[in-house]
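Inspection log for the structure reproduced underneath, given as structure tokens.
The values are calculated or read from the model by the stated rules, or taken from the named source; none is laboratory data. Source: prediction; values computed, not measured. When we count neighbours, we look across all protein chains shown, and the Cβ atoms used for this are built from the backbone with ideal geometry, even at glycine. Side chains included, ligands, DNA and RNA excluded: accessible areas come from the protein's heavy atoms. Shrake-Rupley method; radii C 1.70, N 1.55, O 1.52, S 1.80 Å.
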Amino acid sequence: MPDLSAFPITEKWPARHPDRLQLYSLPTPNGVKIPIMLEEIGLPYEVHKVDFSKDEQNSPAFLSLNPNNKIPAILDPNGPGGKPLALFESGAILVYLADKTGKLLPADPAARYHAIQWLMF
Ligand SMILES: N[C@@H](CCC(=O)N[C@@H](CS)C(=O)NCC(=O)O)C(=O)O
């Protein structure tokens, strides 16, 4: 079982399933991008609500994962090299998940950059 104790965010939002990708988000336009993709690619995940009404995006625990105080952010226990990977910025997370699973981004370089172009748009 992966050990995520080195990440302070897990103190405020404990992982009940530390083997699954941990998603810190809220149903906002940017916040829903990641669960939509996770459902599309079928990757198991555990979601944690970052409650804006409690200013949780500015809590020290959340800022330890994203110093830019924005959702969405993830902590993947099975990142590159089998090590945990923390990531923020929805575009970066979507590209990471596509690369990780080989889904939703074309392998052809030109097609890949066109897809990323529309993602950034
Ligand atoms: N460029 C960022 C934007 C993220 C963003 O703006 N998130 C908003 C919610 S949709 C947020 O966390 N706002 C909290 C705040 O600014 O305090 C991304 O794509 O992830």
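Numerical summary
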quantity	calculated
Unmet requirement for Glu89, which otherwise passes all of (1) surrounded by 13 or more Cβ atoms within 10 Å (Cβ to Cβ); (2) touching a residue at least 40 places away in the same chain (Cβ under 8 Å)	(2)
Subset of the range 57-68 [within 11 Å of the ligand (Cβ to nearest atom), in a helix (DSSP H, G or I) and in contact (Cβ under 8 Å) with a residue 12 or more places away in the chain]	Gln57, Phe62
Checklist (1) more than 10 Å from the chain's Cα centre (by Cα); (2) under 21 Å from Leu119 (Cβ atoms) applied to Asp55, failing item	(2)
The range 1-48, subset under 12 Å from the mean Cα position of the chain (by Cα) and part of a helix (DSSP H, G or I), residue surrounded by the fewest Cβ atoms within 10 Å (Cβ to Cβ)	Ile36
Of all residues making up the range 70-91, the number that are under 11 Å from the mean Cα position of the chain (by Cα) and within 12 Å of the ligand (Cβ to nearest atom)	9
Test for Leu94: is it of a type in the set (A, V, I, L, M, F, W, C), within 12 Å of the ligand (Cβ to nearest atom) and more than 19 Å from Trp13 (Cβ to Cβ)	yes
Matching entry among Asn78, Asn66 (being of a type in the set (S, T, N, Q) and touching a strand residue (DSSP E or B) at 6+ places or on another chain (Cβ under 6 Å))	Asn66
Long-range neighbours under 9 Å by Cβ, at least six apart or interchain, first residue more than 14 Å from Gln57 (Cα to Cα) and within 15 Å of the ligand (Cβ to nearest atom) within the range 8-33, second open to solvent by 20 Å² or more (accessible area, probe 1.4 Å) and not in a loop (DSSP other than H, G, I, E, B)	Lys33/Leu94
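Table: residues versus (1) of a type in the set (A, V, I, L, M); (2) touching a residue at least 60 places away in the same chain (Cβ under 8 Å); (3) surrounded by 15 or more Cβ atoms within 10 Å (Cβ to Cβ); (4) assigned to a helix (DSSP H, G or I).
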| site | (1), (2), (3), (4) |
| --- | --- |
| Lys70 | no, no, yes, no |
| Leu75 | yes, yes, yes, no |
| Asn78 | no, yes, yes, no |
| Tyr113 | no, no, no, yes |
| Gln117 | no, no, no, yes |
